Amino acid sequence: MISVELAGMTLECVVDTGFSGGLVIPLSTFESLGLLAALVPEEYLAVMPDSRKVPLYTASEEVVAGSSRVRTLVHAASALDRKLAGRAFLQSFVTTLDGPREAASLSLQSAL
Amino acid sequence: MFNMITAVKRQVLIRGVDEDVYRRAKSAAALQGVSMGLAVSEALRGWVENGLAEDGIRKEVKQNVRYVKAHWSDLKRHKGEAVVISGRKLQGVFTSYEEARRFSARFNVALTFVVDKMPETRELEFGPDLELQQEIQS
């Protein structure tokens, strides 16, 4: 799990390296943060492991992780009631997984 | 409001209800002094109404995306500028994304972006652990 701040709201997201997008948040949160008014014009489809395709609402938003601020795509769909951090978000950072503690930590690549 | 006098009540068996959610709902219903039948009916009504509201949002998003594609030759004249599309109209052109974002906050649904390349449909892979909400509820 990692903690990120999106539009002033702190969210605990599961690090999911199997997900190629930015962040996934529940649609109710997406709506309450006003992100339906900040949608990108590209249509994003979530391809599920069984090949089904689910249309996503997608906005471009600045996300704060620790002392770093990055712009990333934030996705939501009513069928996905999860909070995930995917590869497009994680690529801005070096992610260290701590198995015994079931924790992940992020550091900016440029800081190395 | 739920009409307890005229509504036809029916007994149903629902399989696959999440045990933890059910236990919490039962406890909340008891605390509020309402039956589980009433609590479930209200939850189902909210779910249906939210679905209808979402259909409206999805329709508006699609119409706005269609507008962008149909008017791309006009929009690309604003390359590098930020635009706000809502209600199938170009609502504004701004020199910065932040300015466009502040303006778009007045709309419930809007596309807000810096004009660059013709928008495309993109696919994102999801990992094998992800379950769709409908599957959890079924």
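Listed by position, the strands (runs of 3 or more DSSP E) contained in the stretch A:1-93 that have at least 2 residues being within 8 Å of another protein chain (Cβ to nearest Cβ), in contact with a helix residue (DSSP H, G or I) (Cβ under 9 Å, 6 or more places away or on another chain) and among the hydroxyl-bearing types (Ser, Thr, Tyr) are A:53-65. Scanning the stretch A:1-33 for residues that are surrounded by 17 or more Cβ atoms within 10 Å (Cβ to Cβ) and closer than 22 Å to residue B:46 by Cβ gives A:25, A:26, A:27, A:29, A:30, A:31, A:33. Report yes if some residue within the stretch B:33-48 is touching a helix residue (DSSP H, G or I) at 6+ places or on another chain (Cβ under 9 Å), farther than 21 Å from residue A:43 by Cβ and modelled with pLDDT of 95 or more; otherwise report no. No - not one qualifying residue is present in the stretch B:33-48. Checking each residue in the stretch B:69-90 for being under 11 Å from residue B:112 (Cα atoms) and either more than 22 Å from the chain's Cα centre (by Cα) or among the aliphatic types (A, V, I, L, M) (or both) picks out B:81, B:82, B:83, B:84, B:85, B:90.
The values are calculated or read from the model by the stated rules, or taken from the named source; none is laboratory data. Worth saying up front: this structure is predicted, and the values here are computed from it rather than measured. Glycine also receives a Cβ, built like all others from the backbone with ideal geometry; neighbour counts cover every protein chain displayed.
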